[in-house]
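S.K.: Below: one structure in structure tokens.
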Amino acid sequence: MGDNVEFDTEIDVLVIGAGGCGLVAALAAAERGATVAVVEKAPRLQGNTALSSGSVPGAGSRFQRAAGIADSPARYAADLRRIAGPHDADALVDRLAGISAELVEWLVDSAGVAMTLVETYRHVGHGVPRLHAPPARRGADLVADLERAVAARDIPLALGQEARALITRDGAVRGALTVDAEGREARIGAGAVILASNGFAAARDLVAAHCPQAARARYAGAPGSTGEALRWGTALGAATGNLGAYQAHAGLAEPSGALVTWTVVERGGFIVDGNGARFADETLGYSAFAAPALAAAPPLHMIYDARIADDVAAGQPEFAELAAAGGALAADDAAALAARIGVPAETFAATCRAAADAAEGGATDTFGRRQWGLGALRPALRATRIAPALFHTQGGLMVDGDARVLARDGTWIRGLYAGGGAAVGISGLSGGTGYVSGNGLLAALGLGYLAGRAAGRQAGAEAGDAPATELQTQS
């Protein structure tokens, strides 16, 4: 639309979305001296960062050095490329791996986030331990620390303030139209706008169009991931990349919806279908395993033993809470456990024997699994019912190394930045097999960090004086 717009207020940087990406972007922009505000459509902070374990990869961090772990951005980038393969955002692999240690140390030193190096597990894809997480392994703790830092710096954070449209001026993005819970509109002018509104995993039309493999999976991510950034950006002529990629998780506990950490598998657990049989190599990882899990006969159960349960619970409180709430069925042997989970006893016993033989080196696993953690399972046994789920998309608007949104001709759409689920990810072209643990938060916090620094530096220089027009791209 070509209506002239009068701004109700003007700032240097407007951040749309108050998840991990948005809060980091706001802090980074404010550090550069910019005036910043954050708007969030939800009435509380509830993005995908809060739902995660809060694990942020940092290659070559001082925490790794203190632990005697040799790592580098080049080694991390090689790990990422090995798992993801070729995709649309190869340059971002080096850029994000290159700042990963700086990001982790900035989170601790400047943002006041409590984080420690995770040495007890590293998950599939990482050659060395490089994940850094809150002590309780809760993404909600990370978000709470970021929220406190935003408040301490007097950065306005408006909850329940939904961005409905971007505002342009002379081909540049210069603000947004927002609406609060009472329906009151506000037109916020800004030298730069950072899209931190997550991806499109909760928009079933977009998932069906771009990620058909995941279209029938249960959605278990943040409810606000409804694709506004993708719709707005493409309406402005933005390029997109890796739209078919997503992060799934094969271990959503039923019926509670809690995540069963894949550390259980890494310690030696395995997964059976409704017939009591295994059907794929579980060490593919929690995202890659979702595809065979979707094709398997339900219900699915993760099988482990008391040693694994105690070991994992000691380091990951959410798993301990799941077990305490009845999420772990116990039995003395395979026959008793088969009865508890409702699978044929003979088939399940054969499955357990074959897994034990492979874990002890007496036979080659049918599915090619080579890593069995603590070895063959021992009595007493445990089982947790699980189902595969879609958590967030890993494709979005193309961005450069400063998280600036790029048009289809490769030029910058002036004034517009994107991070996290709003931007292209580094998890492959399509499907969930290219996802390495921490990719989501690396893109969220890393691109938020880059966008905030760049927007804070450039906002004033990029501001123009021409009349503003409102781009009607409501989702």
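S.K.: Taking the stretch 51-69, which residues are surrounded by fewer than 21 Cβ atoms within 10 Å (Cβ to Cβ), at pLDDT 95 or above and among the aliphatic types (A, V, I, L, M)?
M.R.: Hits for the stretch 51-69 are Ala66, Ala67, Ile69.
S.K.: Of all residues in the stretch 399-436, count the ones that are surrounded by 24 or more Cβ atoms within 10 Å (Cβ to Cβ) and under 18 Å from the mean Cα position of the chain (by Cα).
M.R.: Number satisfying all stated conditions: 17.
S.K.: Going through the stretch 292-311 one residue at a time, which ones are in contact with a strand residue (DSSP E or B) (Cβ under 8 Å, 6 or more places away or on another chain) and among the hydrophobic types (A, V, I, L, M, F, W, C)?
M.R.: Ala293, Leu294, Leu300, Met302, Ile303, Ala306, Ile308, Ala309
S.K.: Among the residues of the stretch 201-220, is any among the hydroxyl-bearing types (Ser, Thr, Tyr) and surrounded by 22 or more Cβ atoms within 10 Å (Cβ to Cβ)?
M.R.: no
S.K.: Determine, yes or no, whether Ala235 is surrounded by fewer than 18 Cβ atoms within 10 Å (Cβ to Cβ), more than 17 Å from the chain's Cα centre (by Cα) and within 16 Å of Trp412 (Cα to Cα). Walk me through how you get there before you give the answer.
M.R.: Values: surrounded by fewer than 18 Cβ atoms within 10 Å (Cβ to Cβ): yes; more than 17 Å from the chain's Cα centre (by Cα): yes; within 16 Å of Trp412 (Cα to Cα): yes.
Criteria met by Ala235.
S.K.: Determine the pairs where a residue that is assigned by TED's automatic domain parsing to the domain that holds Ile303 and among the aromatic types (Phe, Trp, Tyr), located within the stretch 335-353, has a partner that is part of a loop (DSSP other than H, G, I, E, B) and surrounded by 13 or more Cβ atoms within 10 Å (Cβ to Cβ) with Cβ atoms under 9 Å apart, the partner being 6 or more residues away or on another chain.
M.R.: Qualifying pairs under 9 Å: Phe348/Asn275; Phe348/Gly276; Phe348/Ala277.
S.K.: Can you find a residue in the stretch 128-135 that is within 20 Å of the chain's Cα centre (by Cα), assigned to a loop (DSSP other than H, G, I, E, B) and free of Cβ contacts under 8 Å to residues at least 40 places away in the same chain?
M.R.: yes
S.K.: Anything in the stretch 128-187 that is in contact with a Leu (Cβ under 8 Å, 6 or more places away or on another chain) and on the phi > 0 side of the Ramachandran plot? List them, or say none.
M.R.: Result: Gly175, single match.
S.K.: Right, another one. Based on what the data block shows, is Arg267 touching a helix residue (DSSP H, G or I) at 6+ places or on another chain (Cβ under 8 Å), closer than 21 Å to Glu318 by Cα and of a type in the set (Lys, Arg)?
M.R.: Criteria met by Arg267.
S.K.: Taking the stretch 167-187 as the search range and keeping residues that are within 18 Å of Ala42 (Cα to Cα) and of a type outside the set (Asp, Glu), which one is surrounded by the most Cβ atoms within 10 Å (Cβ to Cβ)? First the steps, then the outcome.
M.R.: Within the stretch 167-187, the first condition is being within 18 Å of Ala42 (Cα to Cα), and the residues that meet it are 176-186.
Now narrow it down to the ones that are of a type outside the set (Asp, Glu): 176-179, 181, 183-184, 186.
On the way: Ala176: 25, Leu177: 20, Thr178: 22, Val179: 17, Ala181: 11, Gly183: 6, Arg184: 9, Ala186: 17.
Among residues in the stretch 167-187 that are within 18 Å of Ala42 (Cα to Cα) and of a type outside the set (Asp, Glu), the one surrounded by the most Cβ atoms within 10 Å (Cβ to Cβ) is Ala176.
S.K.: Turning to a different aspect of this structure: Leu441 versus (1) surrounded by 24 or more Cβ atoms within 10 Å (Cβ to Cβ); (2) farther than 23 Å from Ala77 by Cα; (3) not small (Gly, Ala, Ser): which is the lone unmet condition?
M.R.: (2)
S.K.: Taking the stated definitions as given, is Gly268 over 29 Å from Glu119 (Cα atoms), of a type outside the set (D, E, K, R) and either touching a residue at least 40 places away in the same chain (Cβ under 8 Å) or in a loop (DSSP other than H, G, I, E, B) (or both)?
M.R.: no
S.K.: If we only count strands (runs of 3 or more DSSP E) wholly inside the stretch 386-475, which ones have 1 or more residues that are modelled with pLDDT under 95?
M.R.: It comes to 468-471.
The values are calculated or read from the model by the stated rules, or taken from the named source; none is laboratory data. All of these numbers come straight from a predicted model, not from anything done at the bench. Here Cβ is always computed from backbone atoms with ideal geometry, including for glycine, and neighbour counts include all displayed protein chains.
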